[in-house]
Amino acid sequence: MYQDPSAHLINSATGAMSDAGGRYIKRLRDLDGLYLDTATFQSTLATSADTIVYTVHEKRPAQSVGDLIFGTTMMEPGRIGDEFYMTRGHIHACANRPEVYYGLSGEGLMLLETPVGDVRILEVKPRVAAYVPPFWIHRSVNTGTTPLVMSFFYPSDAGQDYTIIEKSGGMAVRIIASGNGWEAVKNPSYKQRSEADIAAVHASSK
């Protein structure tokens, strides 16, 4: 009837987590369509398709409702053209579910967008907690020269929807290198979501 409590040791440099129930890796070949500079992506893919971009360790509890999924994301540093390495990004399938990320090492950004296209950018670094409210699409970006490692926590019935970004041609802005830092620029491929698509996001809430 009662689940056992657990404690997990996290390596802040690698994101490895003890007693993680699952682990998955995204390699460069898995991220086709994310980057605006498709020519550079394809040429890089020809020699570096197996390059690891990010690794996730996670713990999924037995209960499906009223519990938390938690774990770590470790993002390698790198760029495709001027655009930094990023995660695929998602909104929660039950869109009114929030998420919290906590910076462990490295530096980067949490790129957030509402279904109607409002954008916010949160800087993530060690000891910074980034709160992703309900109904926000979110993507992590490593803007540093070392791995970006974060822990995360979200409701176990949240799920992920990746298609909302794909259907709109990406997120409204892209993060590119600028001087010694970064800047957000408009995404020329971005397509505003329809009223029907926005309504579907709100209808997904339980």
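For beta carbons closer than 7 Å, sequence separation of 6+ or different chains, a first residue in segment 12-37 that is under 19 Å from TYR102 (Cα atoms) and a second that is basic (Lys, Arg) and modelled with pLDDT of 95 or more, the qualifying pairs are ALA20/LYS59.
Just give me the residues in segment 48-60 being modelled with pLDDT under 95 and either more than 19 Å from the chain's Cα centre (by Cα) or among the hydroxyl-bearing types (Ser, Thr, Tyr) (or both), in sequence order.
Residues satisfying the conditions do not exist here.
Listed conditions (1) crowded, with 16+ Cβ neighbours inside 10 Å; (2) basic (Lys, Arg); (3) not in a strand (DSSP E or B) are all met by ARG139, apart from (3). Scanning segment 75-111 for residues that are over 13 Å from THR143 (Cα atoms) and either acidic (Asp, Glu) or surrounded by 20 or more Cβ atoms within 10 Å (Cβ to Cβ) (or both) returns GLY89, ILE91, HIS92, ALA95, ARG97, GLU99, TYR101, GLY103, LEU104.
Within segment 121-166, restricting attention to residues that are over 23 Å from ARG23 (Cα atoms) and aliphatic (A, V, I, L, M), which residue is farthest from the chain's Cα centre (by Cα)? This residue is VAL128.
The values are calculated or read from the model by the stated rules, or taken from the named source; none is laboratory data. Computed from a predicted model, the values in this text were never measured in an experiment. Please note: Cβ atoms are built from the backbone with ideal geometry, for glycine as well, and neighbour counts cover all protein chains shown.
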